[in-house]
Amino acid sequence: MTSAPVKTLIRGGRVLDLDGDLDQPTLADVLIEDTSIAAVAPDLPAARTAGAAVIDAAGRLIVPGLVNAHYHSYDTLARGLMEDLPLEQWGTLCGPLAIGRSTEEIYARTLLGAVDCLRNGSTTIQDMATLVPLNDDHVDAILDAYRDAGIRVILSVSIRDLSQVDTIPWLAELLPDELKPLVGTARDDFGPQIDFVTRQIARIGDRGGMVRWALSPSAPQRCTPALLAAVGALARERAIPVYTHCYETRAQRVFARDHLDAFDGSAVKLLEASGLLGPHVTIAHGVWPDAAELDRIAATGTNVVLNMLSNLKLKSGVAPLLDYHARGVNLALGCDNSSCSDVQNLFEVMKLFCLMAAVSTPGPTPITAATALRAATLGGARTAGLADKLGAVRTGMAADLLILDLADPAYVPFNSAVRQLVFADAGRAIETVMVNGRVVVRDRRMATVDEAALRRLVERAMPTVRRDFARSRDGFARVRPALEEVQRRVWADPLALNRFVGGPRF
Ligand SMILES: [Zn+2]
């Protein structure tokens, strides 16, 4: 005998459907049974909704939960610590904060990030976790934090087998040997790293559908072709999605040209040769591919997750978003690290996505508010192979949704739901957040997490974090001249590709 489903009725709200009326969405009831949406229709009959807990949604807008499709949980305690640094310098300063952390700190930082995401409307996150050393307890701490917050996660553990100092152009020759460890000289064999990941997948499973596993080679230039081929084979064999950084900066483009001889200087060709292009693969950033590479990304159905906040804060340039869109590439949106965005807020990213099209194109473009909301919902769901489950408030989908208060000034007067959501709201109107049928934010407060207790956990971790960041800053000061020389050479390089308005001026 099966027990009766737990029912929730969200009554009388306007339900935003990307294929419906985007300006004045129709009024409907949303019936949730257990973890799924059982019905979306006006005035559901009482017999259908008997026994349901009722959420009155009069004067409310119901939208699908957002998918933060590129995120790292390791540096949430470092937000606000840095600015005005290009990626290669930021990474040197921030990277040590991922190394040798305590289980308590990992739990606290992960929970804090999850709360930030949920309160800003992200109900699913793709966390590309960095764990040094690899440790079962630390994976458990991450997933326990996500369980306690009630957020859905696509989790990957970043792997690499080439050192940081060897994968930044010219840096190995510019730095004396004794300073190289300050940037990173670790070159770990990839076999044990892949074994670790597969063991976690077998050990933990999907936790009732709330966890989906992915594979993450850190970036093509940071991995040997053998590592990439092993990931490509494993992903195909197990049908696991893959997320990898690619072409985030001009320095990475220059590095690929000068070091990937066997692949015609193309990181995208290296990925393709490794079986790492296709609908199961998502490239994070994709700021610096050339036209031929954009064609391969599109032809293979590879997804791209754009991270405009992070790209601009780290001076990486503007991704060719209109070129992607014109080629039909599935686009998702992400917020990337908390120390380079510095907030996990897809409302900001959606707005920026729309506005960035004008950087190159003063005429009308197809990057509208609806395009942005689609990228932040269905686009993200597709990167995880979950488009049949996430990204829309429709019958049969998982019950992941936001209820927004239309009395918020962002929606007054109520002219267009989708435009005001993208251009006027920044997440302030979020009143209720539901994930998998469970209310996790109620009346704008976390229903699942005691935030005062969380702040105490964070405060307990901070003396160590501050001590280690101070050390990292001292080390960074010693290698900074070499990193600035790298930057000078990168900008002086005659590379015939520009991702800056009016060309870079250095
Ligand atoms: Zn990233």
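Whether a residue is outside the structural domain of Arg438 (by TED's automatic domain parsing) and over 13 Å from the mean Cα position of the chain (by Cα) was assessed, and Ala370 passes this test. Consider segment 296-310 and keep the residues that are buried (at least 21 other Cβ atoms within 10 Å of the Cβ) and among the β-branched types (Val, Ile, Thr). The one that is nearest to the ligand (Cβ to nearest atom) is Val305. Going by the conditions given, is Phe423 modelled with pLDDT of 95 or more, of a type in the set (A, V, I, L, M, F, W, C) and over 25 Å from the mean Cα position of the chain (by Cα)? No. For Leu18, the test of being touching a helix residue (DSSP H, G or I) at 6+ places or on another chain (Cβ under 7 Å), in a strand (DSSP E or B), assigned by TED's automatic domain parsing to the domain that holds Asn436 and not acidic (Asp, Glu) is failed.
Each residue in segment 260-292 was checked for being surrounded by 21 or more Cβ atoms within 10 Å (Cβ to Cβ) and not in a loop (DSSP other than H, G, I, E, B), and 10 pass. Annotation note: of Leu61, Leu81, the sole residue that is touching a strand residue (DSSP E or B) at 6+ places or on another chain (Cβ under 7 Å) and not in a helix (DSSP H, G or I) is Leu61.
Among residues of segment 317-339 that are more than 20 Å from Thr383 (Cβ to Cβ), those with a beta-carbon under 8 Å from a residue that is buried (at least 24 other Cβ atoms within 10 Å of the Cβ) and of a type in the set (Lys, Arg) at least six positions away or on a different chain give the pairs Gly317/Arg250.
The values are calculated or read from the model by the stated rules, or taken from the named source; none is laboratory data. Predicted model only: the values in this text are computed from it and were never measured. Here Cβ is always computed from backbone atoms with ideal geometry, including for glycine, and neighbour counts include all displayed protein chains.
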